[in-house]
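Where a number appears in this text, it was derived from the coordinates with a stated rule and is not lab data. Worth saying up front: this structure is predicted, and the values here are computed from it rather than measured. Here Cβ is always computed from backbone atoms with ideal geometry, including for glycine, and neighbour counts include all displayed protein chains.
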Amino acid sequence: MITFTPRDKVSKNWTIIAPILSIFLTIFFGLLIFTFLGYNPLETLYQIFLSPFSRIDRISDIFVKACPLIIVGIGLMLCFRANVWNIGAEGQFIMGTLLAGSFALLFPNVETKFFIFIMIIIGFIGGALWAFIPAILKTKLNVNEILVSLMLVYVAMLFIDFMVRGPLRDPMSFGFPLSKPYSQGALINKIPFPGIGYLGQLHYGILFIILLIPISWLFVNKTLSGFKINVLGAAPKAAQFAGFKQNTITITVLLISGGLAGVAGVIEVSANIGQLQPEVSFGYGFTAIIVAFLGRLSPIGILFAGIMIATVKLGADNAQISMGIPKVVTGLFEGILLFFLLTGETIQKYKIKWVGV
Amino acid sequence: MAIKKEPEILLKASNINKSFGNFVANKDINISIAKGEIHALLGENGAGKSTLVKIFYGVLKPDTGTIAINDNEVSISSPNSARKNGIGMVFQHFSLFPALTVAENILIALDTKIKFKDLISEISRLSKEWELFVDPLKRVSELSVGEQQRVEIIRCLMQNPKLLIMDEPTSVLTPQEISNLFKILKRLASSGCSILYISHKLEEIIELADQVTILKSGVSIATIDAKKTNTKFLAETMVGKEITDLKKTKSISDNRDTALELKGLNKNKETDFGISLKNINLKVNYGEIVGVAGIAGNGQVELMEILSGETLCEKDDQILLENKPVGFKNITERRQLGIETIPEERTLHATVPNLTIAENTFLTYFFKYPKANDIISNLFNNPHNSKIESEKIIKDNDVRCPETNPLANQLSGGNLQKFILGRSLANNPKVAIFSQPTWGVDIGAATSIRQKLLNLSNSGKAVILISQDLEEIFELSDKICVINNGALSKILPVAQITAEDVGLLMGGKLKTSDKLETT
C-alpha cells in the first residue's frame with residue numbers, strides 16, 4: 001500500500017526543482033516515444049514546444065487558443081475551491097453559445113458593436129441556466145453534481161446539433177448543418193496594430209481576460225464572498241458554524257462558472273467562427289478542468305496554465321501539419337506532461353512511502 | 001490463591017525509541033509487565049502512550065529497541081503477528097461493522113478457520129464464563145456502546161491472549177458499566193492474563209492497577225506500585241509540576257434572572273444515525289453553570305446544533321433569551337445577541353485547520369470587522385481586518401504560538417481550545433455554551449479552561465456545560481441534568497444529586513419521575 005503523509009515544510013528548492021525536473025522527464029520520455037515510433041524526436045519536440053513561439057502571429061494565436069480555456073478555468077476555480085465538482089462546463093459553454101447565438105440570429109442587420117455586450121450577458125445567462133440544473137438538484141435533492149453536470153454535456157451537444165440542423169439552419173447552406181452568419185454587430189473583430197496590421201487571430205475578446213484575472217483575484221482573496229467559498233471547500237462544518245449558507249454558496253459558484261463558460265463560448269464563436277455549427281467547443285470545457293488544477297486554483301496560475309496548455313495544443317497541431325504525427329500521439333505526450341507536472345507537485349507536498357500490508 | 005514470590009515477567013520492552021520526523025514520541029522506554037498483572041500506562045495527551053502500545057500491537061515499528069515475551073526476543077511486524085504472540089488489543093474507537101452481527105464481526109477478525117455453529121457456541125461460552133453478556137446473533141448497530149466493547153473483548157479472548165491491551169476503555173461508559181468492566185478485568189488478571197491499561201484518569205488507575213508506569217513527553221519517568229500511591233502524587237508526576245486547585249469563590253445571590261430557556265423543544269433526527277431531541281426543558285440563570293452529563297451519542301451534538309443556531313427550531317419560542325424568542329434566529333444572529341457556543345470538535349468545526357489564526361478569528365465574527373457600514377467595506381471585508389483583534393485574543397488568553405499568526409493546525413489541542421474560548425469571550429457573550437471543553441487537552445490547559453468557566457459564571461454570565469466527564473460536571477456545575485437518548489432529565493442543584501444517580505440516568509435506568517422528582 002502507498003501512503004501519503006504531508007510534509008511539515010515544503011522545501012523552497014523543491015518548488016523550483018520539481019517543475020524543471022518534470023519538464024526534463026517529459027522531454028526524456030517524449031524523446032523515447034517519438035524515437036520508438038519512428039519520428040525525428042528533436043524535430044517533434046521543436047514543433048510541440050517551440051514552434052508556437054517561432055513567429056509573432058503564432059504567439060498571438062496562443063492567446064487566442066488560451067482565451068476560452070482561461071475564462072472557463074476561472075469559473076471552475078470557484079467551484080473547485082468550494083468543493084463543488086462541476087464537470088459539465090463543456091455543456092454550459094455550448095448552451096451559452098446557443099442562446100446568445102439564437103438571439104443574434106433574430107437581428108440579422110445589427111451594426112452597432114454594443115450588441116456584442118448584450119450577447120455576452122445572454123451567453124452568461126444561458127450557461128448559468130444550464131448549470132442551475134445540477135445546482136438545484138444538488139441543493140434540494142442531494143443529487144451528485146458530477147453525474148448531472150457531466151450528463152448534461154451530452155444533452156447540450158445533441159441539442160445544438162438538432163438546432164443547427166433544424167430550426168436555426170440557414171436555407172442557403174446547401175444542406176450543411178450551419179446557421180446563418182452573424183450580423184456585423186454580433187462579431188468580435190481582430191485587433192489592428194498600427195504599422196503591423198493584424199497579429200494572427202488576436203481579437204478584442206482578449207480584453208475580457210485582462211479584466212477577468214484581476215477581478216477574480218480580488219474576489220477570491222479580498223472579499224467576504226471569496227472567503228466563504230474557501231471555507232466551504234476546506235471545512236463544510238466550519239462554514240456552517242460560521243453561519244455561511246452552504247446551499248447559497250453552492251448555487252452561486254455553479255451559476256458563475258456556468259455563466260463564464262457561456263461567455264467563453266460567445267467570445268470564441270463571435271471571434272473565430274461567426275455562425276452556429278454543430279461543433280462549437282472542441283473540448284474547451286473539459287480541458288479547462290485540467291487548466292484550473294494545473295493553475296492550482298489561483299487566477300494567475302490559471303493564466304499561465306491556460307497559456308501552457310494552449311501552447312502544447314497548437315504545437316501538436318503544428319506537428320500534425322508539418323510532420324504528419326497523429327493527434328493521438330501528441331495527446332499521449334500531453335498526458336505525460338501532465339503526469340509529471342502533477343506528480344512533481346504531489347511529491348513536493350507529500351512524503352510517499354511503501355507500507356507493507 | 002496468590003503466592004508471594006518474584007513475579008514472572010511476560011513482556012519486557014527495552015530501550016524503545018520512536019520518532020516521527022523531528023518529534024520524539026518514545027525515548028528509551030523500558031517497561032516490564034508481569035504475568036497476571038494489571039499494568040497501567042498513565043500520561044497526558046501526546047505523552048507517547050498510544051505510540052508505545054501501537055508498537056506492542058505491531059501497528060508501528062520502533063526505530064530501535066527490543067521486545068521480549070517470556071524472555072524470548074520477538075519481532076512484532078503486524079497486528080497479526082502480535083496476535084500470534086498472544087497480544088490482543090481493544091482500541092479506543094471500536095473497529096466493528098455496524099451492519100453485521102456480533103458473530104460475523106468476530107469471524108472476520110479470526111485468523112483460524114472455524115465452523116459458524118462452533119463459533120456461536122464458543123462466543124456463548126466465553127460470554128457466560130466472563131459475564132460479557134451479548135447476543136451473538138444481534139446486529140452491532142443495535143448494541144449499546146458498552147455492549148460493543150464487550151464484543152471487542154470477546155474477540156480478543158477468542159485468541160487466548162496472554163496480554164490484553166485496553167486503550168482508554170472507560171471514556172464511553174457509565175459508572176455502572178465501568179465497575180462491571182473492572183470486575184471482568186480483575187478476574188481476567190487473576191486467571192493469568194496480563195492487562196496493559198491505558199488511561200489518564202487517576203482514580204481508575206488507583207482502583208484497578210497493580211503497577212503504573214508514567215510517561216511524560218515520550219519518556220517513562222517512573223514505574224510505581226499503584227496500591228501505594230495517591231491521585232495527587234500521580235497527577236503531579238504526570239504533569240511535572242504542582243497542580244493548582246480551582247478557585248471556587250462564588251458570590252451567591254438569590255436574585256438571578258433567567259438568561260436562556262428551552263421550552264418543550266422537539267427536533268426530529270435528520271439522518272438515521274442522528275438522535276431526535278424529545279421535549280427538552282432547560283433553564284439557565286445568570287451567574288450559574290448548568291452541567292449536562294451523558295454518554296456520547298445521546299443527543300449532545302443535536303442539542304449543541306440547535307442551541308448554536310446551526311439548525312433552527314421548529315417553533316420560534318422553543319428557545320428564549322431573556323424571555324424573547326430566538327428559535328428562528330440563525331447562528332450569526334445569535335452571536336450578535338450574545339449566545340456563544342464552543343463545539344466539541346476543535347478542528348474542522350470550530351476552526352479551519354489550514355487557515356491562519358487571524359482568518360479563523362474572522363471566520364465566526366466577520367460581521368464585526370467591516371471598516372464602515374457601506375457596500376464596498378462589506379464586500380471587501382476580509383481576514384486582514386481581524387488581524388489586530390486576533391493578536392489581542394492570543395495575548396489575553398496565553399495562547400502559545402510557534403510564530404506570529406500561525407495556521408490553526410500548528411497549535412496544540414490545549415492552545416487551540418484557549419484560542420477558541422478567547423475568540424468567543426472577546427464577543428462578550430451573555431450565555432456561553434460549552435461542549436466537552438477539556439476533551440483531549442493536557443491537565444495544565446484543562447485547569448485553566450475550567451477556571452475560565454468558573455470566572456465566567458462569577459462575572460454574572462450564564463454557562464451551559466455539556467460534558468461526558470462526570471468529575472468535571474460535579475466540579476464546575478451549580479445544577480446538573482442528564483441527557484439520555486435525546487431526552488433531558490429534570491435539573492437539580494448539585495447538592496441534591498449523587499454521582500450514582502447521574503450514572504443511572506446516563507444509562508437510562510432511572511426515570512426522572514422516580515426518585516428525583518420528590519427530592
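Results, tabulated for the structure shown:
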read-out	value
B:Thr341 long-range amide H proximity, modeled H, under 5 Å	B:Ile433
Most to least packed among B:332-345, B:120-133 [average Cβ atoms within 10 Å]	B:332-345, B:120-133
Sorted by Cβ density within 10 Å, fewest first, the residues B:Ile114, B:Ile375	B:Ile375, B:Ile114
Long-range HN-HN contacts of B:Ile165 with modeled amide H, under 5 Å	B:Gly88, B:Met89, B:Val90, B:Leu196
Inter-probe distance in nm under a simple model that places probes 7 Å from Cα toward Cβ, at A:Phe36 and B:Leu137	6.0 nm
Semi-axes of the equivalent ellipsoid for the range B:351-428, Cα gyration tensor, largest first, Å	23, 12, 10
Shielding by other protein chains, A:229-241, mean Cβ within 10 Å	6
Chain B - mean residue ellipticity at 222 nm from DSSP helices (-39,500 (n - 2.57) per run, n ≥ 4, rounded to 500)	-9000 deg cm²/dmol
Estimated Rh, the range A:246-287: Kirkwood, alpha-carbon pairs, angstrom	11.6 Å
Ranking of B:Ser194, A:Ser298, B:Ser14 by count of other Cβ atoms within 10 Å, fewest first	B:Ser14, A:Ser298, B:Ser194
Hz values of 3J(HN,Hα) by residue in the range A:256-271 - Karplus curve (6.51, -1.76, 1.60), Gly and Pro given as x	5, 5, x, x, 5, 4, x, 4, 4, x, 4, 5, 4, 6, 5, 8
For peptides B:223-232, B:59-68, sequence by mean Cβ density within 10 Å, most packed first	B:59-68, B:223-232
Peptide-level mean, for B:357-364, of C-beta atoms on other protein chains within 10 Å	3
The range A:333-348 - phi-based ³J(HN,Hα) in whole Hz, Karplus 6.51/-1.76/1.60, Gly and Pro as x	4, 4, x, 4, 4, 4, 4, 6, 4, 6, 5, x, 5, 5, 5, 4
Under-5 Å amide H pairs with B:Leu355, H placed in peptide plane, nonlocal only	B:Ala408, B:Asn409
Convex hull volume per residue in cubic angstrom - Cα atoms of the range A:174-236	213 Å³
Residue-averaged beta-carbon neighbours from other chains (10 angstrom radius) around B:342-354	4
Within the range A:77-93: backbone nitrogen closer than 12 Å to the A:Asn221 label point (7 Å, Cα to C-beta)	none
Two-decimal Rg/Rh across the protein assembly as shown, once Rg and the Kirkwood Rh are taken from alpha-carbon atoms	1.04
Per-selection Kirkwood Rh - the range B:9-239 (Cα, Å, 1 d.p.)	18.1 Å
3J(HN,Hα) from dihedral phi, the range A:48-55, Karplus parametrisation 6.51/-1.76/1.60, rounded to Hz, x for glycine, proline	6, 8, 9, 4, x, 9, 6, 9
Residues B:Lys269 and B:Asn22, FRET efficiency given R0 of 45 Å [Cβ-Cβ distance, rounded to 0.05]	0.50
Virtual spin-label span in nm between B:Arg187 and B:Asn72, 7 Å along Cα→Cβ	3.1 nm
Sorted by Cβ density within 10 Å, fewest first, the residues A:Val164, A:Val328, A:Val263	A:Val328, A:Val164, A:Val263
Alpha carbon centroid spacing (whole Å) that separates the range B:102-167 from the range A:1-80	56 Å
